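All remarks here apply to the structure that follows.
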Amino acid sequence: DVCSSDLYVYQNEITDNIGSSGQEGSGGGIACSGEIQIKNNLIANNKACISSGYVGGGGGVSMQGTDAILEYNIIDNNIASVYGEGRGGGIVFAGHSISYNIISNNLASQMADGYGGGAWSYNAAHCTLGNNTFYHNANKGLGFASGNGSGMYYWYGGYNFKTKNNIFMDHNVSGSDSVAIFSGEALTNNWNNCFYSNGSNYNTNFTSHNDVIANPQLTDPANGIFTLLYNSPCIDADADTMVYNKTTNHNMGWVVDIGANEYTGARVLKSINGIGEYYLGGQVRAKINVKTAGSLSEIDVTVHPGETHTYAPASLQRWYEITSTGSGATFDITLSYKDTELNGEVESDLNLWRWDGASWNGPGLS
C-alpha cells in the first residue's frame with residue numbers, strides 16, 4: 001500500500017507483499033508520508049526489495065511523515081532487502097510517535113549489508129520511540145557482508161529524539177551484530193529501557209538512563225506471546241506515574257510498565273534492593289515502603305479480587321497472600337480496593353490482620 005497525508009490504516013492484515021522486484025524498494029507492507037495513523041494492524045512476511053543489488057528500506061513499513069503515528073501494531077518477519085543493502089527490516093521511520101508495537105523477527109538484509117534489523121531511522125526530530133517490544137531482529141543474515149544495529153539503527157538528525165520504556169531482547173541472531181541500538185551520532189535523551197541478550201556491547205553511541213539490564217520475562221516470545229510474567233522486572237518500572245482511573249485501569253498498577261503490554265495479572269514478585277518505595281502493578285496494585293531492609297530480597301504478593309477469604313468476614317471481596325524472602329525488614333504496605341469490593345466499608349477505616357494458620361492476629365500488624 002502506498003499512501004500520503006491524512007489517512008488512517010486500522011485493524012488490517014497486511015501480509016506477503018513485495019515493494020519492488022526491479023529497483024529500489026521502500027515499504028514492503030506500507031509506504032507512506034504525511035500525517036498518517038497506522039494502528040492495530042498485523043504487518044508480516046513482507047519484503048521491501050527483492051532486486052539484486054538494490055537498496056530496500058522498511059520491510060514492513062516505511063513512514064516518512066514527521067507527524068505520522070505508528071501504534072499497537074504487530075510487525076513481524078519482514079525483510080528490507082533480500083539481495084541488496086537493507087535498512088530497517090521491520091520499519092523505517094521519521095514519524096512523531098512510535099509506540100506500543102511488537103517488532104519481532106525482522107531482517108534488514110539477507111545477503112548484503114544490513115542496518116537496523118527492527119528499525120532504521122533518520123531526522124526523527126521531536127519523535128518519541130516509546131513502549132515498544134523489539135525481539136529477535138537481525139541486521140544481516142547468515143554472516144554475509146557487514147552492517148550495524150540488530151535491534152535499531154539511527155542514522156542522523158536526532159535533535160530531541162527520545163526513546164523510553166522499550167524492550168530490546170534477543171538480537172543475538174546468528175550472523176548479526178547483536179547490537180540493540182547503533183547510532184551514527186550521540187543520542188542521550190533516553191531512559192527506562194530494558195536490554196537483554198544483546199551481547200556485551202549492546203549499544204553504540206547511545207546513552208540511556210535508569211535501564212533494566214535483565215531478562216524482561218516475557219510469557220512466550222518465540223510463539224508470539226509478548227505479555228509480561230509475574231516476575232518481570234519491567235512491571236511498574238517506568239518513571240511515569242500512570243493516570244489512575246478506577247473504572248478503566250485499576251488492574252494496571254501505579255506506574256507505566258516497560259514494553260508494549262501492560263501487566264494485568266494477579267501476582268507480582270518484586271526484587272528488593274534496600275530501603276525505598278516499590279510498586280507492584282497489575283491487579284495486585286500495592287505499594288511497599290521499605291524502612292529497614294535487613295536481608296529482605298523479594299516480596300511476593302498474590303491478590304484474590306472479588307473473593308472472600310474462607311476465614312475472614314464476608315464484608316470485603318478481596319484478599320492478599322504476601323510472602324517474603326529474607327528477614328529483619330520493616331515496611332509499610334498500601335493495598336488497593338475497588339469501590340465494589342468494599343461493600344459499604346470506608347477504605348480509610350480498614351485494618352490489616354494476619355492469619356497465622358490457626359487464628360487471626362491484629363489489627364495493624366507491620
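The values are calculated or read from the model by the stated rules, or taken from the named source; none is laboratory data. The shown structure was predicted, so the numbers you read here are calculated from the model rather than taken from an experiment. Here Cβ is always computed from backbone atoms with ideal geometry, including for glycine, and neighbour counts include all displayed protein chains. The protein model used for the area step is the full one, side chains on, heavy atoms only, and it has no ligands, DNA or RNA in it. Shrake-Rupley method; radii C 1.70, N 1.55, O 1.52, S 1.80 Å.
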**Q.** Selection within region 38-73 - surrounded by 20 or more Cβ atoms within 10 Å (Cβ to Cβ), farther than 14 Å from Ser109 by Cα and of a type in the set (Val, Ile, Thr)
**A.** Ile38, Ile43, Val61
Q.
Considering only region 203-216, I want to know if a residue exists there that is open to solvent by 50 Å² or more (accessible area, probe 1.4 Å), of a type in the set (A, V, I, L, M, F, W, C) and under 17 Å from Asn131 (Cβ atoms).
A. no
Q.
What pairs come out if I take residues in region 6-32 that are closer than 18 Å to Gly88 by Cβ and among the aromatic types (Phe, Trp, Tyr) and pair them with residues that are assigned to a loop (DSSP other than H, G, I, E, B) and open to solvent by 20 Å² or more (accessible area, probe 1.4 Å) whose C-beta lies under 7 Å away, six or more apart or interchain?
A. none
Q) Only one of (1) open to solvent by 20 Å² or more (accessible area, probe 1.4 Å); (2) under 26 Å from Ile322 (Cβ atoms); (3) in contact (Cβ under 8 Å) with a residue 12 or more places away in the chain is not met by Ile288, so which one is it? A) (1)
Q. Within region 327-366, restricting attention to residues that are open to solvent by 80 Å² or more (accessible area, probe 1.4 Å) and among the small types (Gly, Ala, Ser), which residue is modelled with the lowest pLDDT?
A. Ser366
Q: Go through region 218-284 and tell me which strands (runs of 3 or more DSSP E), entirely inside it, have 3 or more residues that are over 14 Å from the mean Cα position of the chain (by Cα).
A: 267-271, 276-280
(Q) Among the residues of region 144-176, what is the count of those that are under 25 Å from Asn261 (Cα atoms), modelled with pLDDT of 90 or more and assigned to a loop (DSSP other than H, G, I, E, B)? (A) 6
Q. So which pairs qualify, if the first residue must be in region 35-51 and without any contact (Cβ under 8 Å) to a residue 40 or more places away in the chain and under 21 Å from Ile69 (Cβ atoms), the second must be surrounded by 23 or more Cβ atoms within 10 Å (Cβ to Cβ) and β-branched (Val, Ile, Thr), the Cβ gap must be under 7 Å, and the two must be at least 6 apart or on different chains?
A. Ile38/Ile30; Ile38/Val61; Ile43/Ile30; Ile43/Val61; Ile43/Ile75
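The rows are residues; the columns are (1) aliphatic (A, V, I, L, M); (2) closer than 21 Å to Ser178 by Cα.
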position: Asn46; (1), (2): no, no
position: Leu70; (1), (2): yes, no
position: Asn77; (1), (2): no, yes
position: Val82; (1), (2): yes, yes
position: Ile98; (1), (2): yes, no
position: Asn106; (1), (2): no, yes
Q.
I'm checking my understanding of the structure. Among residues of region 74-84 that are part of a loop (DSSP other than H, G, I, E, B) and open to solvent by 50 Å² or more (accessible area, probe 1.4 Å), which one is farthest from Leu129 (Cα to Cα)?
A. Tyr83
Q: Would you mind stating whether Thr323 is crowded, with 17+ Cβ neighbours inside 10 Å, of a type in the set (S, T, N, Q) and either in contact with a Leu (Cβ under 7 Å, 6 or more places away or on another chain) or not in a loop (DSSP other than H, G, I, E, B) (or both)?
A: no
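Quick one: is Ala222 among the aliphatic types (A, V, I, L, M) and open to solvent by 60 Å² or more (accessible area, probe 1.4 Å)?
yes
Any idea which residue in region 328-363 is farthest from Ser295 (Cα to Cα), counting only those that are charged (D, E, K, R) and not in a loop (DSSP other than H, G, I, E, B)?
Per the stated criteria, the residue is Asp339.
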**Q.** Residues located in region 182-201, provided they are open to solvent by less than 30 Å² (accessible area, probe 1.4 Å) and farther than 18 Å from Ser97 by Cα
**A.** Ser183, Cys194, Phe195, Asn198
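Scanning for something touching a Phe, Trp or Tyr at 6+ places or on another chain (Cβ under 9 Å), more than 17 Å from Asn132 (Cα to Cα) and open to solvent by 30 Å² or more (accessible area, probe 1.4 Å), does region 149-165 turn up at least one residue?
yes
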